[in-house]
Amino acid sequence: MTPNPEKKKLVVATTSLAGCFGCHMSFLDIDERILQLITHVEFNRSPIDDIKHINKPCDVGFVEGGCCNTENVHTLREFRKNCKILVSLGQCAITGGLPAMRNGIPMSDLFSEVYQNTNNPTLGNHLIPNDEEIPIILDRVYPCHEIVKVDAFLPGCPPNADLIWEALVRIIEGKSLDDLTYQYFKYD
Ligand code: SF4
């Protein structure tokens, strides 16, 4: 990455929706390159700095996980509204991933199996939780691009750190993400 002290830092936001934080762990796997990143990037809302809501326009938003409930949809829309470039990070964001294995199973069967037909003593009365504080679960798990427009996709479970790094460098240098080559995607 070519240092350019005159240039404004890239403002980056990240979030995990219906994901496992594995994609964020891969982000941190860029290892010592994170020191380079600090000179080019300012993080806004992200689990990395624990800022809870986007508080200024961002250049790029990385979203891990698809949408399984209303809170996920709200967060995703906040990212779309405030991020010039929105990136689906990892298979869960791109396809729904592992959480989407519930798609196709009737919701009533899912709730019965988890809360009612269970021997888990901590669930006590076997009632299905119902409180206005709890986000409403969606009928299925949606990939991000079915909810909002997504500009780029970084596949993998998780995407490897080199792919995330290369994407960041390209965005910082004002290049397109369309022609990321096979060497960054390969898993062999
Ligand atoms: Fe976790 Fe894989 Fe989904 Fe990323 S893509 S959130 S690593 S399960």
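Mind checking which residues of region 84-132 are in contact with a His (Cβ under 9 Å, 6 or more places away or on another chain), within 30 Å of SER176 (Cα to Cα), outside any strand (DSSP E or B) and not small (Gly, Ala, Ser)?
Result: ILE94, single match.
Do the conditions hold for ILE147, that is, is it buried (at least 16 other Cβ atoms within 10 Å of the Cβ), within 20 Å of CYS67 (Cα to Cα), aliphatic (A, V, I, L, M) and away from the ligand (no atom under 16 Å from the Cβ)?
On the way: buried (at least 16 other Cβ atoms within 10 Å of the Cβ): yes; within 20 Å of CYS67 (Cα to Cα): yes; aliphatic (A, V, I, L, M): yes; away from the ligand (no atom under 16 Å from the Cβ): yes.
Criteria met by ILE147.
Are any residues in region 12-27 within 16 Å of the ligand (Cβ to nearest atom), touching a residue at least 60 places away in the same chain (Cβ under 8 Å) and not in a loop (DSSP other than H, G, I, E, B), and if so, which ones?
As a first pass, look at region 12-27 and keep what is within 16 Å of the ligand (Cβ to nearest atom): 14-27.
Filter once more, so that each one left must be touching a residue at least 60 places away in the same chain (Cβ under 8 Å): 14-15, 17-20, 22-23, 25-27.
Residues satisfying the conditions are THR14, THR15, ALA18, GLY22, CYS23, MET25, SER26, PHE27.
Tally time: how many residues in region 73-129 are open to solvent by 80 Å² or more (accessible area, probe 1.4 Å) and touching an Asp or Glu at 6+ places or on another chain (Cβ under 9 Å)?
Counting residues in region 73-129 that are open to solvent by 80 Å² or more (accessible area, probe 1.4 Å) and touching an Asp or Glu at 6+ places or on another chain (Cβ under 9 Å) gives 1.
Does at least one position in region 175-187 carry a residue that is within 15 Å of the ligand (Cβ to nearest atom) and under 27 Å from ARG102 (Cβ atoms)?
yes
Every residue in region 89-119 that is away from the ligand (no atom under 15 Å from the Cβ) and either in contact (Cβ under 8 Å) with a residue 60 or more places away in the chain or in contact with a helix residue (DSSP H, G or I) (Cβ under 8 Å, 6 or more places away or on another chain) (or both), please.
LEU110, TYR115
Determine if region 79-88 includes at least one residue that is away from the ligand (no atom under 16 Å from the Cβ), closer than 30 Å to GLN36 by Cβ, out of contact with any Leu (no Cβ under 9 Å at 6 or more places or on another chain) and without any contact (Cβ under 8 Å) to a residue 60 or more places away in the chain.
yes
Out of (1) open to solvent by 50 Å² or more (accessible area, probe 1.4 Å); (2) over 23 Å from SER176 (Cβ atoms), what's the single condition that is false for PRO57?
Among (1) open to solvent by 50 Å² or more (accessible area, probe 1.4 Å); (2) over 23 Å from SER176 (Cβ atoms), the lone unmet condition for PRO57 is (2).
Out of all the residues in region 74-81, is one or more over 23 Å from HIS24 (Cβ atoms) and either modelled with pLDDT of 95 or more or not hydroxyl-bearing (Ser, Thr, Tyr) (or both)?
No; the residues of region 74-81 include none that is over 23 Å from HIS24 (Cβ atoms) and either modelled with pLDDT of 95 or more or not hydroxyl-bearing (Ser, Thr, Tyr) (or both).
Okay, residues lined up against (1) within 24 Å of ILE94 (Cβ to Cβ); (2) touching a strand residue (DSSP E or B) at 6+ places or on another chain (Cβ under 8 Å); (3) not charged (D, E, K, R):
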{"residue": "VAL12", "(1), (2), (3)": "yes, yes, yes"}
{"residue": "ALA18", "(1), (2), (3)": "yes, yes, yes"}
{"residue": "MET25", "(1), (2), (3)": "yes, no, yes"}
{"residue": "LEU28", "(1), (2), (3)": "yes, no, yes"}
{"residue": "GLU32", "(1), (2), (3)": "no, no, no"}
{"residue": "LEU37", "(1), (2), (3)": "yes, no, yes"}
{"residue": "GLU42", "(1), (2), (3)": "no, yes, no"}
{"residue": "LYS52", "(1), (2), (3)": "no, no, no"}
{"residue": "GLY65", "(1), (2), (3)": "yes, yes, yes"}
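Anything in region 150-172 that is open to solvent by 30 Å² or more (accessible area, probe 1.4 Å), within 15 Å of the ligand (Cβ to nearest atom) and not hydrophobic (A, V, I, L, M, F, W, C)? List them, or say none.
Correct list: PRO155, PRO158, ASN160.
Conditions: (1) β-branched (Val, Ile, Thr); (2) away from the ligand (no atom under 16 Å from the Cβ); (3) surrounded by 14 or more Cβ atoms within 10 Å (Cβ to Cβ). ILE134 meets all but one. Number of the miss?
All conditions are met except number (3).
The values are calculated or read from the model by the stated rules, or taken from the named source; none is laboratory data. It should be emphasised that the depicted structure is a prediction, and the values quoted were computed from it without experimental measurement. Counting neighbours? That spans all protein chains shown, and the Cβs are built from the backbone with ideal geometry, glycine included. Keep in mind that these areas ignore ligands, DNA and RNA; they rest on the heavy atoms of the full protein, side chains included. Shrake-Rupley method; radii C 1.70, N 1.55, O 1.52, S 1.80 Å.
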